[in-house]
Amino acid sequence: MNIDFHYGVAYIISRLGGLSKEDARVVAHACQYVDDATTPGLLRFSGGETFERFASAHKMFDYKNA
């Protein structure tokens, strides 16, 4: 999805929903990350939590999208 639209709309909706500027930026960044993610793997946080991330970005002409 177009970054100008996806990031921007997520930010605006977050602000309209009452989030601070910084929190709205975090939400918008997280939403855009789904479109841009190119690295899979397990993230390990200092508190012991983990999160498995997936490479969800794809090439413009990816045969899997046909």
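Pairs are defined by a Cβ separation below 6 Å, a sequence spacing of at least 6 or placement on different chains, a first member in the stretch 37-66 that is modelled with pLDDT under 75, and a second member that is of a type in the set (A, V, I, L, M, F, W, C) and surrounded by 10 or more Cβ atoms within 10 Å (Cβ to Cβ); the pairs so defined are Ser56/Val34; Ser56/Ala37; Ala57/Ala37. Restricting attention to the stretch 1-48 and to residues that are among the hydrophobic types (A, V, I, L, M, F, W, C) and not in a helix (DSSP H, G or I), the residue that is most open to solvent (accessible area, probe 1.4 Å) turns out to be Met1. Within the stretch 12-29, the residues that satisfy the criterion of being touching a residue at least 12 places away in the same chain (Cβ under 8 Å) and closer than 21 Å to Ser56 by Cα are Arg25, Val27, Ala28, His29. Once the stretch 19-36 is narrowed to residues that are among the small types (Gly, Ala, Ser) and in contact with a Phe, Trp or Tyr (Cβ under 8 Å, 6 or more places away or on another chain), the residue that is farthest from Phe5 (Cα to Cα) is Ala24.
The values are calculated or read from the model by the stated rules, or taken from the named source; none is laboratory data. Predicted model, so just to flag it, every value in this text is computed and none were measured. Quick reminder, even Gly has a Cβ in these numbers, built from the backbone with ideal geometry, and neighbours come from all protein chains shown. Areas reflect the complete protein model, heavy atoms only, side chains present, ligands, DNA and RNA absent. Shrake-Rupley method; radii C 1.70, N 1.55, O 1.52, S 1.80 Å.
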